[in-house]
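Worksheet: the structure to be examined is printed underneath.
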Protein chains: 2
Amino acid sequence: MALRVLGIDPGLTRCGIGVIDVAPNREATLVYYGVIRSSSDAEVESRLLSISEGIDAALDQYVPQAVAVERVFAQHNLRTVMGTAQASGIALAAAAKRGLRVGHHTPSEVKAAITGYGSADKKQVATMVTRILRLAAPPTPADAADALALALCHAWRIGSSVTPTGMAAETPAQRAWLDAERVSRRGRPPRA
Amino acid sequence: MALRVLGIDPGLTRCGIGVIDVAPNREATLVYYGVIRSSSDAEVESRLLSISEGIDAALDQYVPQAVAVERVFAQHNLRTVMGTAQASGIALAAAAKRGLRVGHHTPSEVKAAITGYGSADKKQVATMVTRILRLAAPPTPADAADALALALCHAWRIGSSVTPTGMAAETPAQRAWLDAERVSRRGRPPRA
């Protein structure tokens, strides 16, 4: 039975949502991706309500078994970090309200998991997400690709801890995944 | 008819809640104060859910007409600011969900409004809150006093903009309030 994971890349202007199903053989399939947008002309409380309603709708519609939310740091981009943190708080409470376990991953952890390189740029991440999920084109905007990458990272980490990892790579996607995992294991950045 | 204002001093370990009624003559009366606590042993998503449920309960029980939430800055105390921002996001969305207008005030604005001095310490704020609300003792913990101060600051600002300010001070509380307002007008810090 597949594990359904919903990834959230929190943000006030664009909040990325990505949903994947991951089979026991680790093959990941796209279920949904998109972004919840809010207008910068609106009051911050109205914007946060839009984000809250969008996250609730995604959780109710796709009924994931696990949720992953990007870990936010205060050091980064002071101008936008507060809105990002506020949106992440809403995402975390929404998941907890449904009794869902939440994985917290830093951008570096996600990049390392998906591309094998913790400093990969957004294009590299989108390219690997496209390959792993066998999509015709990279998901846009980048926030949606990031949310899918986060969901993949989380599914993979859950999988790594509960299943043997000696499995042979059979498809290009699995091969890409296992290759990235090997590189990531060698150079995984410290957890925050 | 009195205006009911609910102030929220957001926090993950202690989230202060203060509710006041303010009469047209500006006399403020305590309705409720308290804190929502969450254990630092719990996962952050569980903690935020506790905060969310506590804020929802306060809004539903006291049915305020206006809400004030302390404005959070990324510059302050990096260790705790993310939890504070996450809690504030939940508070703002909860207010917006009920169609309530939200006032955002910085700690300096609140201190200036309540004590006449933007750098007042917590004890001075608590002392003035005690005096203005005619309480027998200062509200504790400080987070609850801060939430009441925030509610007073907000009620006062709303009042200043919709009613003439030439009113004579009749009670010690009103006198304290008007004195503080005069000082605050002279030395109000810039808005963020």
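Derivation of every value follows stated rules applied to the coordinates shown; laboratory data play no part. What you see is a predicted model; the values in this text were computed from it and never measured. Here the Cβ positions follow ideal geometry from the backbone for every residue, glycine too, while neighbour counts run over all protein chains shown.
For segment A:90-110, a residue qualifies if it is touching a His at 6+ places or on another chain (Cβ under 7 Å) and of a type in the set (Gly, Ala, Ser), and exactly one does: A:Gly103.
Restricting attention to segment B:91-110, the residues that are at the interface with chain A (Cβ under 9 Å from one of its Cβ atoms), touching a strand residue (DSSP E or B) at 6+ places or on another chain (Cβ under 9 Å) and not small (Gly, Ala, Ser) add up to 5.
Here the strands (runs of 3 or more DSSP E) wholly within segment B:1-81 that include at least 1 residues being more than 14 Å from chain A (Cβ to nearest Cβ) are B:3-9, B:14-22, B:28-37.
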